[in-house]
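Asks: What follows is a structure written as C-alpha cells; I'll ask about it next.
What follows draws every value from the coordinates through simple rules; no lab data is involved. Keep in mind that what you see is a predicted model, and the values were worked out from it rather than measured. FYI the Cβ positions are ideal-geometry reconstructions off the backbone, even for glycines, and counts take in every protein chain you see.
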Amino acid sequence: MLTIILLGASGQLGQALQQDLTALGTVLTPTRQELDLTDLAAVKAWFAQQQVDVIINAAAMTDVDGAERNGALCEALNHQLPAALGAIAKEKHSWLCHFSTDYVFNGKKAAAYVETDETAPLQQYGRSKVAGEEAIVASGCRHLIFRTSWLYSSTGRNFLTTMLSLAPERQEPFLVVDDQTGAPTSAIDLADAVVSIFSKIFAMSQEEARAVSGIYHLTAAGECSWYEFATTIFHYAVDEDLLEQQPEVLPTDSQSLNRAAKRPANSRLCNDKVNTTFGISMSPWQQQLTECLQLIKKHTETGK
Ligand SMILES: NC(=O)c1ccc[n+]([C@@H]2O[C@H](COP(=O)([O-])OP(=O)(O)OC[C@H]3O[C@@H](n4cnc5c(N)ncnc54)[C@H](OP(=O)(O)O)[C@@H]3O)[C@@H](O)[C@H]2O)c1
C-alpha cells in the first residue's frame, strides 16, 4: 500500500485529488492549521516523521494580482516550498508531483507551447512558478510537474463559480477579455489524469519510471478566449436550469481592464508529450464544463 502526502487538499485541485487518490493508497492531508507551508523548518520537521512514497503538492499562492503586492508570500509558497519538497523527496526516494502554469510563458508564441519552449513569465506569480519548477528539477528527485491552465472546479472561488454567483443579480453587462486564448481545465479531469498517470508509473519498472520523470503540459483539449468561456458558461448554465436567463456579456481587451498583473495573450499548452508518454487524452473544455455544471446542479439539488 502506497503512502501519499497531499498538500493543499482544501484547494480546488486538492479536493479533486483527495477523492481520487484513495484508489492508489493511504492519503495524508495535513491542513494549514497542522502545517503552515510557509514555515519551512516546520515542513522539514513534519516530513522527517513520515514514511512517504508520493508527495503531491497542490498548495500554492494562486492570486495572480495579489502576488504583485505580496511577493514574499508568493516566493515562499511557489518557489521555496517546492524547493524544500524536492530536497525531501530526493532524500526519501519518493516521487514529487507538483503543479505549474501557462503563466510561465509570455504568450508571444503563435502556436501552442511545448514543454521545451523557453519560459519568460510576465508577472511575479509566473516568475515564482518558474523558480519552483527549476528548483524541483535541480533537486534531482523523481518528479512530475504538470503545467495546467485556467483551472476551475464546482466549489471554491474561480472564474466559473464567480460568474454563476454574480449572474442572477447582474444589471449591467459582464465585460470579459477576448484577447487571451487558453484551455479552461476542470480540476476533476486534471485530478483523474494525474491519478491515472501514477497508477501507470507504479506498474512500470524502476528504470522505466525514472525515464518518465519530467515536466508535462496537461490541460483540457481545445481552446477559447475568456469571453467565449463566459458566454458558454451562461449558455450551458441556462440549459442545465442553473440560471433562468443568460446575462449579457461584452468582449473587451486586457488593456482596458488594467489589472495589476499582465497575462499572456497565448496560454495554449500542447498536450502531446503526456499523450505519447502515458496515453492520456484530455476531453474538450466544453465537455469538462458541462460535467462540472452537472455536478453543481447535483450539489444544488441534494444540498451536498
Ligand atoms: N487556479 C488556476 O487557474 C491555476 C492555473 C494554472 C495552474 N494552477 C496551479 O494549480 C495548482 C492548484 O491550484 P488551485 O487553484 O487548486 O489552488 P487553490 O484553490 O488556491 O488552493 C491552494 C491551496 O494551498 C493551500 N495553502 C495556501 N497557503 C498555505 C499555507 N501557508 N499553509 C498551508 N496551506 C496553504 C490552501 O489552503 P487554505 O484552503 O487553507 O487556504 C489551498 O489548499 C497550483 O500549483 C497552481 O499554481 C492553477
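Asks: In nm, give the distance between the simple-model label positions of residue 63 and residue 171, each being 7 Å from the Cα along the Cα-to-Cβ direction.
Replies: Between residue 63 and residue 171, the simple spin-label model gives 2.9 nm.
Asks: For residue 221, enumerate residues with amide H under 5 Å from its amide H, sequence gap 5+ or separate chain, H modeled in the peptide plane.
Replies: For residue 221, whose amide H was placed from the backbone, the distant partners under 5 Å are 283, 285.
Asks: Which ³J(HN,Hα) values, rounded to whole Hz and listed in residue order, are derived for the stretch 9-26 from phi using the Karplus coefficients 6.51, -1.76 and 1.60 in 6.51 cos²θ - 1.76 cosθ + 1.60 with θ = phi - 60°, glycine and proline given as x?
Replies: In residue order, the calculated couplings are 5, 8, x, 5, 6, x, 5, 5, 5, 4, 4, 6, 5, 4, 5, 9, x, 7 Hz.
Asks: Another question about this same structure. Relative contact order for the stretch 81-228: what is it in percent, counting Cα pairs under 8 Å that are at least 6 residues apart?
Replies: Relative contact order comes out at 28 percent.
Asks: Further question on the same structure: Between beta-carbons, use under 12 Å as the cut-off and find the net charge around residue 231, counting Lys and Arg +1, Asp and Glu -1.
Replies: Around residue 231, the surrounding residues sum to -3.
Asks: Could you tally the net charge around residue 292, taking each other residue with its Cβ under 14 Å from the Cβ of residue 292, Lys/Arg +1 and Asp/Glu -1?
Replies: Details: positive: 297, 298; negative: 189, 192, 239, 240, 291.
My count for the surroundings of residue 292 gives -3.
Asks: Hey, another quick one. Quickly work out the residue 291-to-residue 90 label distance, labels modelled 7 Å from Cα along the C-beta direction, and quote it in nm with one decimal.
Replies: Between residue 90 and residue 291, the simple spin-label model gives 3.7 nm.
Asks: Mind checking which aspartates and glutamates have their Cα closer than 14 Å to the Cα of residue 273? Skip sequence neighbours fewer than 8 apart in that chain.
Replies: Candidates past the 8-residue exclusion: 115, 117.
Asks: Ordered by residue, what ³J(HN,Hα) values in Hz, to whole numbers, does the stretch 87-99 give under the Karplus form 6.51 cos²θ - 1.76 cosθ + 1.60, where θ = phi - 60° and Gly and Pro are x?
Replies: Couplings: 5, 5, 4, 4, 5, 8, 6, 9, 7, 10, 10, 9, 10 Hz.
Asks: Normalise the Cα radius of gyration of the stretch 2-302 by 2.2 N^0.38 Å (N = residues in it) and let me know the number.
Replies: In units of the globular-protein estimate, the stretch 2-302 measures up at 0.99.
Asks: Sticking with this structure for a sec: Please turn the phi angles of the stretch 262-276 into ³J(HN,Hα) values with the Karplus equation 6.51 cos²θ - 1.76 cosθ + 1.60 (θ = phi - 60°), one per residue in order, whole Hz, x for glycine and proline.
Replies: With the stated coefficients, the stretch 262-276 comes to 6, 10, x, 5, 10, 9, 6, 10, 7, 8, 4, 5, 5, 5, 5 Hz.
Asks: In the structure displayed, which of 92/200; 109/262; 129/262; 108/262 lie more than 18 Å apart, Cα to Cα?
Replies: Flagged as over cut-off: 92/200.
Asks: Would you mind checking which residues have amide H under 5 Å from residue 142's amide H? H placed 1.01 Å from N; only 5 or more apart, or other chain.
Replies: Long-range HN contacts for residue 142: 96.
Asks: To two decimal places, what compactness ratio does the stretch 16-97 give when its Cα radius of gyration is scaled by 2.2 N^0.38 Å?
Replies: This ratio for the stretch 16-97 stands at 1.14.
Asks: Here's another thing I want to ask about it. As a check on your grasp of the helix formula, calculate [θ] at 222 nm for the chain: sum -39500 (n - 2.57) over DSSP H runs of n ≥ 4, divide by the residue count, round to the nearest 500.
Replies: Using -39500 (n - 2.57) per qualifying helix, the result is -12500 deg cm²/dmol.
Asks: Turning to a different aspect of this structure: Simple spin-label model, 7 Å along Cα-to-Cβ: residue 31 to residue 137 in nm?
Replies: 3.7
Asks: Additional query: Positive end of the charge dipole of the chain (Lys, Arg +1 and Asp, Glu -1 on Cβ, about the Cα centre): tell me which of 246, 195, 112 has its Cα farthest that way.
Replies: After comparing all options, I get 195.
Asks: Oh, and also: Pick from 47, 105, 146: which is most flexible by mean-square fluctuation in a GNM of the chain where alpha carbon atoms under 10 Å apart are linked?
Replies: Among 47, 105, 146, the largest mean-square fluctuation in the Gaussian network model of the chain belongs to 47.
Asks: Okay, next question. Could you compute the net charge surrounding residue 111? Neighbours are other residues with a C-beta less than 13 Å from the C-beta of residue 111; K and R count +1, D and E count -1.
Replies: Here the count lands on 0.
Asks: Whose amide H sits under 5 Å from the amide H of residue 28, counting only residues 5 or more places off or on another chain, with H placed in the peptide plane?
Replies: Placed amide hydrogens put 4, 5, 6 under 5 Å from residue 28.
Asks: With a 10 Å cut-off between alpha carbons and a GNM built on the chain, which of 226, 46, 95 moves the most?
Replies: 46
Asks: So, one more: Remind me, relative contact order of the stretch 2-302 in percent, using alpha carbon pairs under 8 angstrom and six or more residues apart?
Replies: With pairs under 8 Å counted, the relative contact order is 21 percent.
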